[in-house]
Amino acid sequence: MPRLALAALAVLVASGCATVAPSPSEPGGGNDSARLALVGRWDMERITDDGADVSAEANPAGDRYITLHADGSFESGGQPYGRNTGRWTYDARARRLGLDSDLGPEDDSVWAVTLQDDLMIWNGVGSAYARRFRIVARRAG
């Protein structure tokens, strides 16, 4: 069950063979408006695993979050799994958000993301395990 909870934060899902998009300083990863729209704090609102709502298990205290900083770093946290940090990248053409966790490669992940007003919808990319997850996060106000 801890693996599911880690996956729920988006930062800690093992994505298998998925690759991370270019860094903000590389071509294709630049500071375009699509990338900048992701910057900020996002609070986990809902998570599904193969379509089943597992929010109560993955976010029992209702305080899971991720903050994407403009410099390409991120911080995530919330009970009971604690804080994580790392780097994030975004490929606007593919709409792929890559998370490179400081916890190591087994916790890196790639997500197809869609913005709808103040919601960001994350769909796991890569391994069959990662593809099971969908996260809805709301921009913190």
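Checking every residue in the stretch 100-108 against the condition of being under 18 Å from Leu36 (Cβ atoms), at pLDDT 95 or above, of a type outside the set (Val, Ile, Thr) and under 14 Å from the mean Cα position of the chain (by Cα) gives zero matches. Looking across Asp108, Asp71, Asp91, Asp63, one residue alone is out of contact with any His (no Cβ under 8 Å at 6 or more places or on another chain), closer than 16 Å to Trp42 by Cβ and of a type in the set (Asp, Glu). It is Asp63. Residues in the stretch 116-127 that are touching a residue at least 40 places away in the same chain (Cβ under 8 Å), out of contact with any helix residue (DSSP H, G or I) (no Cβ under 6 Å at 6 or more places or on another chain) and closer than 20 Å to Ser55 by Cα: Leu119, Met120, Trp122, Val125.
Every residue, every condition in (1) within 21 Å of Gly141 (Cβ to Cβ); (2) in a strand (DSSP E or B), yes or no:
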position: Gly82; (1), (2): no, no
position: Arg87; (1), (2): no, yes
position: Glu106; (1), (2): no, no
position: Ala112; (1), (2): no, yes
position: Ile121; (1), (2): yes, yes
position: Gly124; (1), (2): no, yes
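In this structure, is Arg134 buried (at least 16 other Cβ atoms within 10 Å of the Cβ) and farther than 17 Å from Gly51 by Cα? Taking the combined requirement at face value, the residue does not satisfy it. Flag set for Thr67, criterion: within 17 Å of Arg138 (Cβ to Cβ), at pLDDT 95 or above, surrounded by fewer than 18 Cβ atoms within 10 Å (Cβ to Cβ) and of a type outside the set (Phe, Trp, Tyr). Does the stretch 42-64 contain any residue that is under 18 Å from Ser101 (Cα atoms) and either without any contact (Cβ under 8 Å) to a residue 60 or more places away in the chain or part of a loop (DSSP other than H, G, I, E, B) (or both)? Checking the stretch 42-64: at least one residue is under 18 Å from Ser101 (Cα atoms) and either without any contact (Cβ under 8 Å) to a residue 60 or more places away in the chain or part of a loop (DSSP other than H, G, I, E, B) (or both).
The values are calculated or read from the model by the stated rules, or taken from the named source; none is laboratory data. Since the model is a prediction, treat every value here as computed from it, not as a measurement. Please note: Cβ atoms are built from the backbone with ideal geometry, for glycine as well, and neighbour counts cover all protein chains shown.
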